Amino acid sequence: MRSDQNSYRVEEEAVAGGVVYLLRDEEAQTEARIAPGIGNNLFSFVARPAGHPLEVMLAPDSLSQLSQFPIGFGIPVLFPFPDLVRNAEYEFEGRIYHLERRPHSRHASHAFAFDRPWSVIEHNTGQGATLRSAFRWQDHSDIQAQYPFPFELVVTYTLRGNVLQVQGEVTNLGQSRMPMGFGLHPYFRLPLSERGRREDCLVRTPTTHKWEVDEELLPTGRIVIPPPEKDFSRLRPLGRQAVDDVYTGVQFRDGWSESVLVDPSVGVEVAMRADNRFREIVIYAPPDRPTIALEPYTHTTDAIHLQAQGIDAGLIVLEPGARWTGKVEIVVRQIRSQ
């Protein structure tokens with residue numbers, strides 16, 4: 001039983017490169033840091049699963065580094081199209097729209113929300129240390145021709161003990177139907193401890209299949225059984241292999257899926273829990289960076305093109321005035337005493 005409900009804190013900090021909001025649970029001595037001006041990225045989460053501080057996220061050295069590589073640290077928020085859109089264009093209800101390309105790519109990647117400034121709406125300490133921020137269509141004239149669908153995206157971060165909750169809410173503010181998807185790209189440290197080894201860390205996702213992709217990592221439309229070395233339906237070592245795949249056939253228990261990363265060197269498990277609005281999970285483990293991303297998506301890569309081909313890729317279409325919501329939790333647990 002928590003002894004002091006007032007132990008939650010939310011503080012605004014001026015640091016080199018911008019403003020950061022600190023969420024803190026004084027009793028548990030856990031904390032998280034968010035940069036609303038850089039994609040509302042929660043770039044640090046320090047948990048204490050066994051009484052010792054443990055940075056869970058791959059955190060940047062500075063806000064300047066995060067600003068230079070906003071898709072590479074913490075928890076980038078992906079909206080309205082997570083991952084790639086083929087040829088940086090899409091058709092919806094008879095009209096073709098063109099998206100901005102990322103450098104050195106002919107495809108669009110991760111859309112608009114992860115690197116632009118957000119507006120803080122409120123913060124409170126009622127049920128945890130909570131920050132609510134918004135990304136509003138009308139505040140960003142550079143995206144309006146690419147995506148002419150007025151919306152408001154609100155993300156709420158809540159820290160309570162060793163649990164971080166992320167809630168996304170999207171409202172269609174326009175007069176027409178709106179195509180969309182939502183995803184998070186949490187970069188976890190790999191290994192979690194300095195004394196751990198990448199090849200010893202264990203991974204599990206509650207999935208049965210994966211999307212087949214071409215040489216550009218775009219889905220072909222076929223869903224296949226993963227090869228043994230990329231089958232993470234049971235807890236198994238990641239090894240040294242690189243992984244960049246969209247898994248599907250997500251299994252839910254009581255409305256939630258749970259993917260886990262285990263670092264045996266510290267006996268700690270990080271669980272990424274997502275509600276049943278998230279029907280795909282991306283595993284991204286590059287060979288040249290100390291990180292793994294377990295990413296909950298509402299649809300697969302390039303869903304808007306697959307959907308147009310009659311393939312159920314998870315694309316969401318919001319009616320005027322409608323609202324979508326989804327929740328994700330990151331839970332840090334000690335599973336073995338040290």
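The values are calculated or read from the model by the stated rules, or taken from the named source; none is laboratory data. Computed from a predicted model, the values in this text were never measured in an experiment. Cβ placement follows ideal geometry from the backbone for every residue including glycine, while neighbour counts extend to all protein chains displayed.
For region 304-338, filtering for residues that are part of a loop (DSSP other than H, G, I, E, B), hydrophobic (A, V, I, L, M, F, W, C) and touching a strand residue (DSSP E or B) at 6+ places or on another chain (Cβ under 7 Å) leaves 4.
Here Glu93 passes the criteria (1) touching a residue at least 12 places away in the same chain (Cβ under 8 Å); (2) exposed (fewer than 15 other Cβ atoms within 10 Å of the Cβ); (3) of a type outside the set (S, T, N, Q); (4) on the phi < 0 side of the Ramachandran plot except the one numbered (4).
Condition (residue is outside any strand (DSSP E or B) and over 16 Å from the mean Cα position of the chain (by Cα)) applied to region 11-20: is it met by at least one residue? Yes: region 11-20 contains one or more residues that are outside any strand (DSSP E or B) and over 16 Å from the mean Cα position of the chain (by Cα). Consider Thr301 carefully, then state whether it is assigned to a loop (DSSP other than H, G, I, E, B) and of a type in the set (Val, Ile, Thr). Taking the combined requirement at face value, the residue satisfies it. Only one of the numbered conditions (1) on the phi > 0 side of the Ramachandran plot; (2) surrounded by fewer than 19 Cβ atoms within 10 Å (Cβ to Cβ) is not met by His110, and that is (2). Just one of the listed residues (Val77, Val85, Val46, Val56) is in contact (Cβ under 8 Å) with a residue 60 or more places away in the chain, of a type outside the set (D, E, K, R) and either out of contact with any Phe, Trp or Tyr (no Cβ under 7 Å at 6 or more places or on another chain) or surrounded by fewer than 18 Cβ atoms within 10 Å (Cβ to Cβ) (or both), and it is Val85. In region 166-192, which residue that is part of a loop (DSSP other than H, G, I, E, B) and crowded, with 18+ Cβ neighbours inside 10 Å is nearest to the chain's Cα centre (by Cα)? This residue is His185.
Take Tyr147 and decide whether it is over 26 Å from Leu23 (Cβ atoms), surrounded by 18 or more Cβ atoms within 10 Å (Cβ to Cβ) and at pLDDT 95 or above. Here the answer is yes, as Tyr147 does meet what is asked.
Among the listed residues Thr300, Thr325, identify the single one that is surrounded by fewer than 19 Cβ atoms within 10 Å (Cβ to Cβ), β-branched (Val, Ile, Thr) and touching an Asp or Glu at 6+ places or on another chain (Cβ under 7 Å).
Criteria check complete, one pass: Thr325.
If the condition is being part of a loop (DSSP other than H, G, I, E, B), in contact with a helix residue (DSSP H, G or I) (Cβ under 9 Å, 6 or more places away or on another chain) and either under 23 Å from Pro219 (Cβ atoms) or β-branched (Val, Ile, Thr) (or both), then region 103-144 contributes Ser105, Arg106, His107, Phe112, Thr125.
Looking only at residues of region 250-296 that are of a type in the set (Ser, Thr, Tyr) and closer than 16 Å to Ser193 by Cα, we find that the one that is nearest to the chain's Cα centre (by Cα) is Thr291. The residues of region 67-99 that are over 15 Å from the mean Cα position of the chain (by Cα) and of a type in the set (Asp, Glu), listed by number, are Glu89, Glu91, Glu93.
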